[in-house]
1. Considering segment 535-549 alone, what residues qualify as being modelled with pLDDT under 75 and within 16 Å of Cys596 (Cα to Cα)?
2. Return the total of residues in segment 86-112 being under 16 Å from Lys63 (Cβ atoms) and at pLDDT 65 or above.
3. Looking at Phe162, Phe144, which one is at pLDDT 75 or above, under 30 Å from Tyr129 (Cα atoms) and not small (Gly, Ala, Ser)?
4. Show me the helices (runs of 4 or more DSSP H) entirely contained within segment 510-593 in which 3 or more residues are under 30 Å from Val631 (Cβ atoms) and touching a residue at least 40 places away in the same chain (Cβ under 8 Å).
5. Do the conditions hold for Val682, that is, is it assigned by TED's automatic domain parsing to the domain that holds Ile635 and not basic (Lys, Arg)?
6. What number of residues in segment 339-375 are polar (S, T, N, Q) and assigned to a helix (DSSP H, G or I)?
7. Among all residue pairs at least 6 apart or on different chains, which show Cβ distances below 8 Å where the first residue, located in segment 115-131, is under 16 Å from Tyr590 (Cβ atoms) and the second is hydroxyl-bearing (Ser, Thr, Tyr) and modelled with pLDDT under 75?
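The values are calculated or read from the model by the stated rules, or taken from the named source; none is laboratory data. The structure displayed is predicted, hence computed values, not measured ones. Heads up, the Cβs are rebuilt from the backbone with ideal geometry, glycines too, and the neighbour counts pull from every protein chain shown.
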Amino acid sequence: MYVASTPSGEGRCGGGASTRSRRCQPATTTATLVHTSRRGSDTYLEVLPDLTQGVDEEETWEKLQQIRAHAVPMEEKRKLKRQLQSAPTLRTRGLAAFKLSKRKFASQAKNRLREMISKIELWHWSLRYVEGNFGTGLVAFFTFIKWLLYLNLFTCVLLAVFILLPQIVLIHPKDSCTEVAETNQSIGIENETLLSVENDTLCCFEVYKLEVVEHSTNVHSFSEPGHIVQMILDGVQGTGVLELSYLFYGHYPRHILILDKMRGWNYNLPLAYLLVVVVTLVLSLVLMVRAAARGLRESLRSSEGQFYQYCNLIFGGWDYCIENNKAAAIKKKAIYNELCNHLETERYNDEKEQRTKRERCRLYFVRLMINLVVIVLLSVSFLAIFYSTTYAFNKLKTLKSNTEERNEEDLEILLYEYLPSAVIVTLNIIIPFILRLLVEMEHYTPNFILVLTLVRTVFLRLASLVVLLFSIYQGISECPAPEPGSCISEGCFDQPKCWETYVGQQLYKLTILDLLIMFLSAFLVNFPRKCIGHKLMRGSRIGAAIGDIEFMIPKHVLDIVYGQTLCWLGMFYSPLLPAVTCVKLVIVFYIKYFDCTVNSSQSSQLYRTSRSNAFFISILLISFIVTIIPVGYSIAEIKPSIACGPFRGLPTIWSEMVHVISESPNWIQAVLFFMGTAGFAVPAIIILILAWYYYYAVAAANKHMVALLKNQLILEGHDKQFLLTRLDQMIKKTTEEEEAARSSRSTEEETGHSNDQTLEA
């Protein structure tokens, strides 16, 4: 209601009404119009200028802008806006009018730009449809896909500007090996003359390139049009022409590119290659930490009322973006399941407190056995990945060494190329299903069951990639370093000449296979299930069991995070893999959108937007940390290939950075080397510890203050309740006294009346 207040605190109020229902009329000397809106014990105040006197035009415009941010119903906002617009306005003149018109124009331009961007925003209407039919918890998943797409596009821009474009545009210096190779190729005697320069390690790249070209041109096709088939196979395997393209590490030379020959400006491509990858990973980490901090703040804000779970869920759990009855029914079911989840948690806690010692020992034994079974399953999975990779590696060496009669071996090579990837994908499908069955027997709370299953599944997926890389490293580390002046170690002629490209090919194949599995799952598994369950067997329990497919957000998030992990792992070995991941994410968005809107129903588990965002970024951060370990190890410790790449001939990839530092000015060397000494590290660690302790103390003090304020609010609530109780008692006592006095007066009146009648008689 609207309450007018004067400077003296009085207004003209109508009489004859109770205190609660009295409505006050605005006084002519009103200084402030106060809008109060009461929800429970909360009161919202809107302070507007004096509308009875002249209002400045700038002040009116500012108040109109502020109305949008107020948490009041739309009808109240419209009423306030009408009051402001109908009030007499003093016109602004001169410089103030010019500034005000500038501010108005800037605000209108900003609003129009925001509206235009929202209209052309990627997947805007698709996201609005998902939000209106399935709620904000599910739209957060598709927003997460879009965020990863933007992150990979940003990565692609960095890689293209600093690695790809210089490689294409700038001048490459020619060495003796390049001139010999071009001369040999022009006269058609490549094999004979190249042997004369094979002992020079600078020429190993030309030898490697010649072998790849010879292999791709001599590969036998299935039939006459088999050239197209072979191109498709090369496209899905990353072999043939793609192996020597910009897609993989092996294509980039160890050259200092010429930027301006006259001025002597050069571009260090190997250094740019290393720095761009490192900077890209660091920026990705910064963006993820920012998003995680934002999601954590929202999650903490939404979990402040954890002691009032039922009240918050009933009165604040509804999603007002839902626009149809079907989605509303699903949302009701989700809220119902969340209530059941809370009740189940309380029941579990009560049961936990009432367990006997014998029951606890039996439960701990069951959990121990299940954890042992989980460890055995994961170990078997890792061994299967390791041995399948080793077996495929050895078989491919044998098959590729036989250059004759390739008719029957092309398909066999394809199968062995994809054997490790197929094993990983199969385990990622089967093992999580077994883990979900096992975790039900451990008797945890529903929320902890979900978290534990996710942790085990994430560990399986990430560790399987680490095992794959380790098995590849075992294969390439069997060969000793080649003799000086030689490109290949003795007895290792069948090993990959460029192991970095080989690793990039494996991760590229995993990316392609992951996309294929998603496509097959959505269109050849879930869609037929939906058709059979809801069309052919409609109304039956079997049909409902077949056709009712829940869109389980955690499972689909793991699919997306797994694909992004492949991108980060392969970015160093395949610089264009982020571009492939961008195309994949676009396709995945429409696959998941089809799976969500056509094949599946909304999950019965309630996912709030804040909790979902924090969950998505947390899983992504875990995968990023696991990704950094093998990539950092390969950069710092493993010797790069001699035959390919911008770091060939160096003991380690990081040696390029050390070499650049050693050629820098002395003061830069002194600063950088000082940062690596104990004189810098010890004070830096002490300062970090002190800063950490300071922020910890501030956080602890704030937490203590919050607890005190909460207790004060509780005490004030108790005092208010006490005062209200005393007020009710006083009102009741006053009412009783008034009734007693009234009854005594009526008794006295009756007695006096009877006495008068007696006297008259």
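1. Gly547
2. We begin by selecting, within segment 86-112, every residue under 16 Å from Lys63 (Cβ atoms); these are 86-90, 92, 100, 103-104, 107.
With at pLDDT 65 or above added as a condition, the list becomes 86, 100, 103-104, 107.
Final tally of qualifying residues: 5.
3. Details: Phe162 fails: under 30 Å from Tyr129 (Cα atoms).
Criteria check complete, one pass: Phe144.
4. Working: elements: 527-531, 541-547, 553-570.
Qualifying helices (runs of 4 or more DSSP H): 553-570.
5. On the way: assigned by TED's automatic domain parsing to the domain that holds Ile635: no; not basic (Lys, Arg): yes.
No; evaluated as a whole, the condition is false for this residue.
6. Of the residues in segment 339-375, the ones polar (S, T, N, Q) are 341, 345, 349, 354, 356, 371.
Retained after the next criterion (residues that are assigned to a helix (DSSP H, G or I)): 341, 345, 349, 371.
The number of residues fulfilling the criteria is 4.
7. Here the result reads His124/Ser118, each pair linking segment 115-131 to a residue that is hydroxyl-bearing (Ser, Thr, Tyr) and modelled with pLDDT under 75.
Each row is one residue, and each column tells you yes or no for (1) out of contact with any Pro (no Cβ under 6 Å at 6 or more places or on another chain); (2) at pLDDT 85 or above; (3) farther than 30 Å from Ala329 by Cα; (4) not assigned by TED's automatic domain parsing to the domain that holds Tyr320.
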{"residue": "Asn599", "(1), (2), (3), (4)": "yes, no, no, no"}
{"residue": "Thr609", "(1), (2), (3), (4)": "yes, no, no, no"}
{"residue": "Asn613", "(1), (2), (3), (4)": "yes, no, no, no"}
{"residue": "Ile617", "(1), (2), (3), (4)": "yes, no, no, no"}
{"residue": "Val626", "(1), (2), (3), (4)": "yes, yes, yes, no"}
{"residue": "Ile635", "(1), (2), (3), (4)": "yes, yes, yes, no"}
{"residue": "Pro640", "(1), (2), (3), (4)": "yes, yes, yes, no"}
{"residue": "Ala643", "(1), (2), (3), (4)": "yes, no, yes, no"}
{"residue": "Glu656", "(1), (2), (3), (4)": "no, yes, yes, no"}
